[in-house]
Every structure is written in structure tokens, then in C-alpha cells.
Amino acid sequence: MKAESIGSHLLVLPGAVNVGIVMDGERALLIDFGAGEALKEIGELGIRVVEKVLFTHHHRDQACGIWLLGGGTRIGVPEAERRLFEDPASYWDDPSNRWHVYGFRPHHLTLAEPVPVHEAYRGGDSFEWGPARVSVVDTPGHTDGGVSYLVDVDGQRAAFCGDLIFEGGKLWEIYSLQKGTATADYHGFLGARRQLVESLGRLKEARPSALVPSRGAVIRDPASAIDALSARLGSCYDMYASISALRYYFPALFGEYAGDPRAMPIGQSKPAPDFLRHFKTTWIIISRDGAAFAIDCGDPSVVGEVGKLQAAGEVGSVEGLWITHYHDDHVDAVPEFKEAFRCPVFADRRVAEVVEDPLAWRLPCVSPVKVQVDRRTEDGESWRWREFEMTAYHFPGQTLYHGGLFVEGRGARVFFVGDSFTAAGIDDYCCGNRNFLGRGRGFDRCIALLESLEPCLLVNNHVDQAFDFTRGQREFMRKNLEERMREFGELIAWDDPNYGMDEHWIRCFPYEQRVARGSEAKVQVVFTNHSSEPREASCRASLPRSWGSGATEFAGSVIQPRREGSVPISFEVPEKIEPKRYVVPVDAWYSGRFLPQVSETIIRVERQR
């Protein structure tokens, strides 16, 4: 790493996270710190004392190596995020941040261990340090309480802005912008974009000569980069909104797009076939002889409703239940339904992997309720049920872990889409669900499947009416998705935009596990290579400091294009530690980039039995 000079007293040291260095003889003030890989270079600059470190925001990739400095260094953080530095356990130990998650701020890149705080800053604060004057600007967006630091020194003004921007008017990732305004964060795709643009506008008004992001090169023309990013965010959001399924549920949120020729017209609802009944998020198929087959069950009241149908003689035996996807509002009452009606449960194998072992997964809306799946289906697998032909498909729309069920019979061809579509378009408003872009991936794959099957009706589990798409609507959506690859590719600072949209492209499996003290924990670190070429990946566990073990050795693998690949790691859980939940972050190298503490696994340490 070679430091870049902004002035004789101000340097930027590039790395996994750019580190600003204000020098005054042998002492220094740093801005952000990363994993600490800058320490050697700092020493070579003749710096003997790091007097102070300022942090732009609370994500652990900014601060995870701070303990390497030892004592004596004063730590300054944003006042609004102080608690997340000093007491990250309040986040990790809160069940609402683990189960039934519809809010994503703060993000799970929260620190794994506490950082001592000596000073906390708000916008408008300023202070002198050595030859420099440091001013604080509130710049929420990437996080809710982030700040930027204006450093005036040597006749230059540099703005250190964290992850608000990447060189060239891009962003490192966009899943941290997931933020609800009128609704939950779950519905807030790019929801923090306006906040971010307003924050960058404040920095633009300060007229810095250099803008220093946490990643990428120093930006020497801040105004042009800020304008480019603002325009790209607006264009990308317009593309999203123009075919968003959310327009059906919350039309008031998209009032500015009403009548906009760039937006796909919302289709009309149609009556569902008379052999279907709808309760909450459940559809019931009723055969001619009164047998029933259910689609999803998230609410226990559905059990009572089906019981009423039986009491009225409209339904006899219940002979199966298909799960479209793992979300809590579609599965929480499945065990109760199965117990009441003694019926088998069907699910795509990817859905089954989540609902049978939810502790192993960290995903939006996941529930701790375990569901036993009796028949795991493969893509395109068919079976006969009464007078209906049923065909199961992997249907990676709303979430990667989603199935679709095509039911043919009684003169109808009905496709149960779960939550993936409404008459307004596609349900891709939560990055955590893993909606991939690209030909043959994600929603493009789903729409292509509908084109080939040509169902007469589509059925959404939240809506008591059916709908369909015209050929023109299908073409409109596929063209939109194709254009997104280009537009989002220009916004996101990777060779494929899915890296910046898929917050789980590096994940630990199992996510959470119980381990006895003195035993070995084994984890698969799963990389999704979104690129068109193989990528080298390696990783290690960054163990809790209280364990006294440091980090494990790096282990690696080559991940094939457009595929998942796993790297196994393992570590010993010490015998003499407190039984509780521990956050164990994972460091990764991927295609030559160091990604400190990019993911985590949870170890629930138990007493030996």
C-alpha cells in the first residue's frame, strides 16, 4: 500500500478501508481504521503515537481492528451511533434482530465486540488538532447516524465520508440503503437514497477539494461524482418502481408514477376459479369429491376456517399442503395445520432446507418455527392429485428460496406464485431476499417460465383475486430487467451488480449452532460467484477476543461462475468461557480484495453435558 498525499500533513492510506492520516510530527489522528492492516505503514511514516481515531459509522469493517492499537488512543464516533460502538450486544442479543425481521437498520454488519468511546460528535461540532481543523457533518444514508469529517489543512479541504460514495459516482453496495419510510424497511428498496443524496449535497456545498470514501480512490472532482451518483440513483429507482408489485399494495407510495408512460400499467384482477378458497395467506384447492389441498399457512385462524368448511360438508379430508416460500407469514402455522389434518407437507427442496432448520439461516422474515417437510420437490417434478395435475418449480422471484406450483384441471391452468408477483409487477423490494439480476436468473427466469407454461391465471397468496400478464407486460418486465443489468452495473462498483444487491453473497452455514464448551465448531462459508469467470475465495474465523485464540488460518477454494461454492472452516470453543451466544465474524479474500469481517456466524456456547 502506498499512501496518497492530499497535503504535507494529510495522507490517505488505501486498503480494505481507506484510512485518513493527519500527521503532526510523530503523532497522528486517524479517520477510520479497518482491520488494522495499516499499522505497519503508519510506523514506516515515522508515526510513533496514534493519538485519536475518528469513525464515520458503526459498521464493523470500519473498526474491527481498533484493539490492535492498545490503550492510550482516544476514540471518537458519531453521537447517534455511540451505543452501537459501546454496546453491540444490545443489538445481537435482541431476538427482534434475529427472528421475524422486517427492519434492517441497524444492519447485521454491526460490531461483534465493543469499542471504547471517549468522544461523540454531532453535525456542527468542530475542533483543532495539530495543524488541522476538523468539522463534523451529519451524513445519514449508508447508516442512520453516520457522519463525515471535513479536514482543513495545508490549504486543502478533504471530506472523509465513509461509504456514502465510491469513486466514479458509484456505490460499493446498495443493500445498506434498504429503508422503509411509510412502511417497514422490508418494503424500502433504495429507501435511504434521498437521505444519502441530501447528505452528499451538504458535502458538495462545503466545496472540498477531495472526497475520501471508505473504499476506492480519492475523488478529486467531488461535485461531478456526487452529481453522477445522484442521477444514477434516481434512474435506478425509476426502473425499480416502474414494475414494482408494491404499487398494487401501496399505490400512495408511488403516486408520482401514476400515468407515467415509463411504468407498466397495472393489470386488472380476475375472479379465482370456483374450486379455490382464500383465507389470510392460504389458498385451498377443493376437488370434486371434497378433498382439499392447501397452499401455505401462516395464521392459526386458517385451521379453524378449514374446520368450518369440514363442518359444513364442503371439505372432507385435507390431503396435502404446499409451501411457496419460507417467510413467517406463510409457514408459522404449518405445524398446527399438519397436526390438525394429518396431511403431508410439500416444498421445493431449497425452501425445505430453510423451514426444516431455521436456526441455520439468517434471512428476512425467517421464523424459529420448524416445519417437517414430507416431500421435497425438484424443479419440474409432477404428480397427480385427484383431478388435478400438479407441477412444482423452483421459482426464485421474491426470494431465492421460493417455489411455484402449477395446477391444471377443471378447465383451468393456475400458477400459484406465492408472493413473487402482483398485477403491478414483481416483488423485488427487499435486497435481503436475494433477487438476482441477469438472463435466466431471478425474476427473468420466473417470467420466462410463465411464458413457456402460459397459465390462464396467476394467484398471489396475499390477494383473494387472480390476475394474469399479457404478452406485452411480460416483455415489458423482461426488458426492464435486462436494462437494469446495465443501469445497476453503472451504479455498483463490482463487475456484476448482484454483488452490491445480494447482502448474503458471502454467508455462513449454519448461521447459528449450539456448541458445547471444549468442542469443535464447524462452519461452511458459502460464496456466491456472481461473475462470469471463476473467482478465488478464502476465509478465516475472527474469534472473540475473550477466547484468547486470535484468528484461524485462511482456507480457500475456487468458485465457479454463477455458482455457490463452500469453504469449510473450524475452530475450538474454549472450555473456560461463559455459556452464551457469541458473534464470530469471518474475514474473506475474494478476487484479490480483502473483506474484513464481511459475514458472521453465531455460536451458542452450552455447558458440557
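For this structure, a couple of remarks:
- Some residue of the stretch 91-101 being assigned to a loop (DSSP other than H, G, I, E, B) and hydrophobic (A, V, I, L, M, F, W, C): yes
- Qualifying positions in the stretch 411-435 - closer than 14 Å to Val459 by Cβ, of a type in the set (A, V, I, L, M, F, W, C) and not in a strand (DSSP E or B): Ala423
- All conditions but one from (1) within 25 Å of Arg441 (Cα to Cα); (2) surrounded by fewer than 20 Cβ atoms within 10 Å (Cβ to Cβ); (3) of a type outside the set (S, T, N, Q) apply to His402; the one that does not is (2).
- Any hit, the stretch 242-252, residues being of a type in the set (Phe, Trp, Tyr), under 26 Å from Trp172 (Cβ atoms), surrounded by 15 or more Cβ atoms within 10 Å (Cβ to Cβ) and touching a residue at least 12 places away in the same chain (Cβ under 8 Å): no
- Complete set of residues in the stretch 573-591 that are loosely packed, with under 15 Cβ neighbours inside 10 Å and assigned to a strand (DSSP E or B): Arg581
- Single residue of the stretch 377-410 satisfying the filter (within 21 Å of Gly425 (Cβ to Cβ), assigned to a loop (DSSP other than H, G, I, E, B) and not hydroxyl-bearing (Ser, Thr, Tyr)) that is farthest from the chain's Cα centre (by Cα): Phe395
- Lone unmet requirement of (1) in contact with a helix residue (DSSP H, G or I) (Cβ under 6 Å, 6 or more places away or on another chain); (2) at pLDDT 95 or above; (3) farther than 25 Å from Pro364 by Cα; (4) not in a strand (DSSP E or B) for Val50: (4)
- Screening the stretch 155-267 for helices (runs of 4 or more DSSP H) wholly inside it with 1 or more residues that are small (Gly, Ala, Ser) returns the ranges 193-205, 222-242.
- Residue in the stretch 547-562 that is modelled with the highest pLDDT, counting only those that are of a type in the set (Ser, Thr, Tyr) and closer than 24 Å to Arg517 by Cβ: Thr552
- Residue check for Glu198: in the same structural domain as Leu11 (by TED's automatic domain parsing), surrounded by 20 or more Cβ atoms within 10 Å (Cβ to Cβ), more than 28 Å from Asp24 (Cα to Cα) and among the acidic types (Asp, Glu): no
- The stretch 581-609, residues that are among the small types (Gly, Ala, Ser) and farther than 17 Å from Arg362 by Cβ: Ser591, Gly592
The values are calculated or read from the model by the stated rules, or taken from the named source; none is laboratory data. Everything quoted here is computed from the prediction, not taken from an experiment. Note that each Cβ is placed from the backbone with ideal geometry, even for glycine, and that neighbours are counted across all protein chains shown.
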